[in-house]
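The values are calculated or read from the model by the stated rules, or taken from the named source; none is laboratory data. The model shown is predicted, which means the values in this text are computed figures rather than measured ones. Every residue, glycine among them, receives a Cβ derived from its backbone with ideal geometry; neighbour counts consider all protein chains shown.
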Amino acid sequence: MKIKLYFFIMLLGMIILGTIAGCNGEDMLGSDPDEELIAGTDQGKDVSTTDIVLETEFAGEQQDEIPEVLQGDDIPVFEMQVPKPYADFRMNMPYDNISNFIGRDFSALWDDIVNTPVHGWLTMSGESGLSITIDMQQIVNLSRIVMHPYHVNSLYSQANITEFEAWGIDKIDFSHLKDNPNYYLDSLSVADGHIFKGVNGEDRVSLSELPARTFKDDWQYLGYHSVPCPLDKEGAFDNEAMQDISAALSQSGHECLVPIDAGPVRYVRIFVRQIALHPVNPNTNYFSCGEITFYGYNTVLQE
């Protein structure tokens, strides 16, 4: 009787272990090598290639298969690359930096040319504004933004964006554009003296001109994003690790996850907070980028 009871307990244990193994996610996720998975990440947290490498197709090729991405509390989001070309919306957006460095067209940010020397877009030094606005030309629930640095292996140098804040909206209230341009002011840009009313920094916009309600009260917050910056045991920059990361992200781009609760948007406004790991000089407002690519799904109502 004891022997029979022993074998019954052994059999029951094997059944339980087999059930647990079948539910641990391995069989459920499958073995498709084209699936991209980001698991256990916080909302709005950046993921670099040091954490996980994501394959990205360029040269204008559209992905046929839609990969699966897990964000937030492991909620599945199915995404695609938002088709390029995008459109330059800076001329319509008050207080954006509308300058282009000589020979650098804004459309270089979506021409799918990356990881090459001296290719991309830069502002003209001394112009007003820390923001740029891009029209994706369709309404999308964004899942991530991928940003490539200007110039190969130069993620932490040149005037490359190393920290930025992003906001988006599905449609623009053009009455604000005409009648209330200060609605589009960014408090941090104003506080640090980056917004000029006059030529060469003369007569800068002051905080007293910031209205009680701004675009941030109505737009979707798309996250604050920073490039990975490893430190050594003494707390100083780990230069060797940074070289490896710079080479990797020049090729694959810096992955920036959009908060899972962000609503659908068409227009994306990017505010530069740091370049080359340092604050932007308010006298120059000089910054650069090699490529910007948006990912998400467009199964939302288009207007």
Filter pass, S125 being assigned by TED's automatic domain parsing to the domain that holds D192 and either more than 17 Å from I161 (Cα to Cα) or surrounded by fewer than 18 Cβ atoms within 10 Å (Cβ to Cβ) (or both): yes
One residue from V152, V146 being in contact with a helix residue (DSSP H, G or I) (Cβ under 7 Å, 6 or more places away or on another chain) and β-branched (V, I, T): V152
Inter-residue pairs, beta-carbon under 7 Å, first in contact (Cβ under 8 Å) with a residue 24 or more places away in the chain and in segment 103-122, second of a type outside the set (S, T, Y) and assigned to a helix (DSSP H, G or I), 6+ apart: N115/Q251; H119/A108; G120/A108; W121/F106; W121/A108; W121/L109
Unique residue being in contact with a Pro (Cβ under 8 Å, 6 or more places away or on another chain), touching a residue at least 40 places away in the same chain (Cβ under 8 Å), over 15 Å from N298 (Cα atoms) and not β-branched (V, I, T) when the list is Y150, Y184: Y184
Per-region count, segment 150-168, residues of a type outside the set (D, E) and within 12 Å of S131 (Cβ to Cβ): 4
Of all residues in segment 231-268 being of a type in the set (A, V, I, L, M) and assigned to a loop (DSSP other than H, G, I, E, B), the one that is farthest from I169 (Cα to Cα): A236
Residue ID - nearest to V190 (Cα to Cα), chosen from residues in segment 99-150 that are touching a Phe, Trp or Tyr at 6+ places or on another chain (Cβ under 9 Å) and charged (D, E, K, R): E127
Some residue of segment 143-164 being in contact with a Leu (Cβ under 8 Å, 6 or more places away or on another chain), part of a loop (DSSP other than H, G, I, E, B) and at pLDDT below 80: yes
Hits in segment 269-298 - residues which are closer than 22 Å to D218 by Cα and part of a loop (DSSP other than H, G, I, E, B): N298
